[in-house]
Every structure is written in C-alpha cells, then in structure tokens.
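The next block holds one structure in the form of structure tokens; read it before the comments.
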Ligand SMILES: Cc1cc2nc3c(=O)[nH]c(=O)nc-3n(C[C@H](O)[C@H](O)[C@H](O)COP(=O)(O)O)c2cc1C
C-alpha cells in the first residue's frame with residue numbers, strides 16, 4: 001500500500017489549508033493509500049539558527065525527517081503570504097533539509113542516519129495545493145514551494161489545485177461544498193499515489 005504524508009503550512013486553528021489537508025488525507029484513504037495527516041503545530045521546531053543546530057538538531061526535527069522519509073509521497077497545502085510561502089513552511093523545509101548535528105543532544109548515530117540533508121526529500125512525489133480567501137487561491141505560493149522541493153530532488157506532481165474563496169468553501173463537517181473542488185483535490189492525491197507507488201518500487 002502506498003503511504004502519503006499530508007500537512008499544511010499553517011498552524012492557525014481555523015486554517016483553510018489545514019482543512020484542505022484533512023480533505024486530501026481522507027481522499028487518500030478513500031483511494032486505497034495509507035494517509036498520515038500531521039499538524040506542524042505538534043512539532044516543537046524553532047526558527048532555523050545554525051547555533052541552535054550546532055548544539056544538537058531539535059528532536060522534533062528528527063521526528064519530522066523520519067516521517068517524511070517513511071512516506072513515499074506527500075501532499076502539502078501551502079498558504080500564500082505576500083505571493084510566496086509562509087515562514088513556517090520555509091522554516092520546516094530548511095530544518096528538515098539541513099544535515100543533522102549530534103551536538104550535546106544526540107549520539108553519533110544521528111549524523112550517520114541523518115547527515116545527508118537530501119535523505120528525507122530525495123525521490124518523494126509531492127502533490128501541491130493551496131487555499132486562500134482570495135480569488136487566486138494562493139496559487140503563487142505553489143511555484144515557490146515547487147522550486148524548493150525540486151532543488152531537494154523531490155518529484156513535484158504536475159496536477160495542482162488552488163482553492164479560491166476558501167472562506168466559503170468548507171461545510172461545517174470540513175468537507176468541500178463544491179463537488180468540482182473535491183474532484184480537483186482527489187485528482188492531485190490520485191496522481192501522487194500513482195507516481196509514488198511507481199517511484200518507490202524497488203529498481204529491477
Ligand atoms: C502576511 C500575510 C500576507 C498574505 N499575503 C497573501 C497573498 O499574497 N495572497 C493571498 O491569496 N493571501 C494572502 N494572505 C491571506 C492568507 O491567504 C490568509 O490569511 C489565509 O487564511 C492563510 O492560510 P490559512 O487559512 O491556512 O492559515 C496573506 C496573509 C498574511 C498574514
């Protein structure tokens with residue numbers, strides 16, 4: 001079974017991107033994948049600073065690196081701030097792509113296991129979505145996150161979705177009210193499952 005990791009680049013309680021991530025995870029399960037929905041609020045990760053890192057990579061960064069590595073595909077729901085991605089999402093990607101340091105927190109195994117900064121990213125198939133109260137749905141953030149992920153040797157799925165007017169897009173139960181939007185989410189997730197299943201297969 002193909003596994004997908006789903007998360008949003010916002011920790012806001014009523015975040016549209018967190019809601020969209022929940023819809024995507026549900027769609028993944030409905031399409032036969034094993035979907036893990038995580039909330040970045042559950043990870044204690046400071047703003048990146050090499051001095052902090054030199055004392056030992058924060059344990060929650062290692063936890064997130066492991067989760068990323070353990071899933072064949074990811075779906076990221078990226079809010080748009082000033083036509084780009086949020087500081088939270090950039091910070092998360094920066095920490096998780098930085099070679100881990102043992103410092104005073106960990107034994108040498110941490111550098112053996114996570115000294116390759118590309119390890120959590122290489123070969124991952126990533127589906128991108130955005131949600132915004134604006135009409136463009138946050139689509140401009142997707143080209144920026146795509147650039148970062150390609151640089152880290154992820155395979156970005158061509159199918160993407162930006163949900164505009166997100167303030168009125170969700171029903172009280174968290175589902176999308178417009179079936180066309182739900183179909184677009186399902187199409188992104190479907191492509192991630194399809195491609196991740198193929199890319200994670202052992203080479204002949
Ligand atoms: C600093 C800042 C900049 C923003 N810039 C944009 C923008 O460029 N485009 C856009 O569509 N929305 C922009 N917004 C509005 C966000 O899309 C909106 O706050 C959205 O709800 C954030 O995502 P979330 O609901 O998942 O937290 C901005 C919001 C903030 C706080």
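The values are calculated or read from the model by the stated rules, or taken from the named source; none is laboratory data. The model shown is predicted, which means the values in this text are computed figures rather than measured ones. Reconstructed Cβ throughout: ideal geometry from the backbone, glycine too, with neighbour counts over all protein chains shown.
The table below lists the values:
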quantity	calculated
Near pairs, Cβ below 7 angstrom, 6+ apart or cross-chain, from the range 98-110 (closer than 16 Å to residue 68 by Cα) to any residue that is surrounded by fewer than 16 Cβ atoms within 10 Å (Cβ to Cβ)	99/115; 99/116; 100/115
Identity of the residue in the range 136-145, assigned to a loop (DSSP other than H, G, I, E, B) and within 20 Å of residue 22 (Cα to Cα), that ends up nearest to the ligand (Cβ to nearest atom)	138
Unique residue being at pLDDT below 95, out of contact with any strand residue (DSSP E or B) (no Cβ under 7 Å at 6 or more places or on another chain) and not in a strand (DSSP E or B) when the list is 133, 120, 202	202
So residue 83, is it surrounded by fewer than 18 Cβ atoms within 10 Å (Cβ to Cβ) and in contact (Cβ under 8 Å) with a residue 24 or more places away in the chain	yes
Matching residues in the range 148-185 - criterion: being in a helix (DSSP H, G or I) and more than 14 Å from the chain's Cα centre (by Cα)	151, 166, 167, 168, 179, 180, 181, 182, 183, 184, 185
Hits in the range 14-59 - residues which are within 16 Å of the ligand (Cβ to nearest atom), out of contact with any helix residue (DSSP H, G or I) (no Cβ under 9 Å at 6 or more places or on another chain) and part of a loop (DSSP other than H, G, I, E, B)	14
Extreme residue, nearest to the chain's Cα centre (by Cα), among residues of the range 60-97 that are more than 14 Å from residue 120 (Cα to Cα) and in a loop (DSSP other than H, G, I, E, B)	78
Within the range 1-33, tally of residues that are more than 15 Å from the chain's Cα centre (by Cα) and farther than 16 Å from residue 132 by Cα	9
